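Reading through the structure tokens given below for one structure.
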Amino acid sequence: MNPYLILGLAIGAEVTATLALKAAEGLTRPGPTVIVAVGYGTALWLMSTSMDMLPIGVVYAIWSGIGMIGAALGGAWLYGEPINPTMLAGIGVIAVGVTILAAGQGQH
């Protein structure tokens, strides 16, 4: 299976779990709490699977960068959290950095 697809699924699970964490209200709401536990467990399993095929640095850069972007955009969409131009610039810088690191993976 494509390691980038596995990593993408891992990131989706992690972002879902992170967004559910806010809804879980300190893990006091059972439904969102289950989503948090299953989401993070799934995310870590898929991330470790992708590390069998990709370098750790690349996996973690993509994971953290896209995860941050997903959490910021998801927080704005689901919870009405503000995103200002400075934050959008930061998201752009993260996206460029992740792209450069991934592109450099094949270079030795």
Cα principal axis extents for the chain, largest first, Å: 49, 35, 18
R0 of 22 Å, Cβ-Cβ distance Asn84-Tyr60: FRET efficiency to nearest 0.05: 0.20
Where does the chain land at 222 nm, in deg cm²/dmol rounded to the nearest 500, when only DSSP H runs of n ≥ 4 count, each adding -39500 (n - 2.57), divided by all residues? -27500 deg cm²/dmol
Here the gain from full extension of Leu101 to Leu73, 0.36 nm per residue of separation minus their alpha-carbon distance, amounts to 7.9 nm
Of Gly65, Gly97, Gly80, which is the most mobile in a GNM of the chain whose springs link Cα atoms less than 10 angstrom apart? Gly80
From the backbone phi of region 49-61, what are the Karplus-calculated ³J(HN,Hα) couplings (6.51 cos²θ - 1.76 cosθ + 1.60, θ = phi - 60°) in whole Hz, Gly and Pro given as x? 5, 5, 5, 6, 10, 10, x, 4, x, 5, 4, 5, 5
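Only the coordinates and a few stated rules stand behind these numbers; no lab work does. Worth saying up front: this structure is predicted, and the values here are computed from it rather than measured. With ideal geometry, Cβ positions are generated from the backbone for all residues, glycine too; neighbour counts draw on all protein chains shown.
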